[in-house]
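The structure appears right after this line, and notes come after that.
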Amino acid sequence: MKNLFLPSLKLTLLSLVLLGGIYTLILLGIGKLLPGGGRGEILSHNGKTYYTNIGQRFTEDRYFWGRPSAVDYNASGSGGSNKGPTNPELLTAVQARLDTFLLRNPGTKPADVPVEMVTGSASGLDPNISPAAAYVQARRVAKARNIPENTVRNLIDQNTEGPLLGLFGPRKINVLQLNISLDNLK
C-alpha cells in the first residue's frame, strides 16, 4: 500500500497541472482566436442591452422567432429538457409549437417547417437559426411590417453567416441581429 501512495500522488498532481492548468490555458487561447475573442458581443438597441450569443424571446409577428428554449431563455439556467424523442411530454410540446407556428404563418405546410423551429436547442439559449428557418418566416414578417417579402428575403441573405473559416458548422443567422436589421430598415 505504501509503495502505491507516492505514484498515485504524482499522477494526481500531474493530472491537476495538465487538465486544470495547461488544458484550460489552451482552450482560453483558442477562444481568444475565435470571432469575438471568446467574449459575448453586447448590443444596445432601443434602450435595451442584449448579448448576441444568447437566444432572445421574440413572439411578435413583426419579428423573426428563434429556437424554442427549454429554460425560457434564462442564461443562468442553461440546459435542455432532457426528454427523449419518444417522451410523450416532448411530443406534445413539439406538436403545440408546430400548431402555433402554422397558425401564425398561414400557408406554410408542416413539412416546410424546419425541425429547429419546434424543438428546443440543447442549451436552451441558441441565438441562431438556419436560413431555411428564416425564409419560412419571411412572409409573416413582411406582412406584419407591410413591406415587400423580397426586401425581407434580401435582409435574410445579408445577415446569413457562412461556416467558421468556410469549413466548420452550418450557415446560420443570428436572430437578434436580423431583427435589429429589420428595425433599422427605413
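This table checks each residue for (1) surrounded by 19 or more Cβ atoms within 10 Å (Cβ to Cβ); (2) in contact with a Pro (Cβ under 6 Å, 6 or more places away or on another chain).
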position	(1), (2)
Lys109	no, no
Val115	no, no
Asp126	yes, no
Ala132	no, yes
Tyr135	no, no
Arg140	yes, no
Lys143	no, no
Asn146	no, no
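Considering each residue of the range 99-126, count those that are under 18 Å from Phe58 (Cβ atoms) and in a helix (DSSP H, G or I), and give that number. Outline the logic, then answer.
As a first pass, look at the range 99-126 and keep what is under 18 Å from Phe58 (Cβ atoms): 100-105, 108, 113-114, 116-121, 123-126.
Filter once more, keeping what is in a helix (DSSP H, G or I): 100-104, 116-117.
Within the range 99-126, residues that are under 18 Å from Phe58 (Cβ atoms) and in a helix (DSSP H, G or I) number 7.
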Asn159 being surrounded by 11 or more Cβ atoms within 10 Å (Cβ to Cβ) and under 16 Å from the mean Cα position of the chain (by Cα): yes
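Any residue at all in the range 67-87 that is touching a residue at least 60 places away in the same chain (Cβ under 8 Å) and over 12 Å from the mean Cα position of the chain (by Cα)?
Of the range 67-87, the ones touching a residue at least 60 places away in the same chain (Cβ under 8 Å) are 67.
Next, from what is left, pick out any that are over 12 Å from the mean Cα position of the chain (by Cα): none.
No; the residues of the range 67-87 include none that is touching a residue at least 60 places away in the same chain (Cβ under 8 Å) and over 12 Å from the mean Cα position of the chain (by Cα).
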Residue within the range 26-40 that is touching a Ser or Thr at 6+ places or on another chain (Cβ under 8 Å) and assigned to a loop (DSSP other than H, G, I, E, B) present: yes
Residue satisfying all of: in the range 41-90; small (Gly, Ala, Ser) and surrounded by fewer than 14 Cβ atoms within 10 Å (Cβ to Cβ); nearest to Leu25 (Cα to Cα) among these: Ser76
Single unsatisfied condition, Leu125 versus (1) modelled with pLDDT of 90 or more; (2) under 18 Å from the mean Cα position of the chain (by Cα): (1)
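The values are calculated or read from the model by the stated rules, or taken from the named source; none is laboratory data. Because the structure is predicted, anything quoted here is derived from the model rather than measured. Note that we place each Cβ from the backbone using ideal geometry, even for glycine, and neighbour counts take in every protein chain shown.
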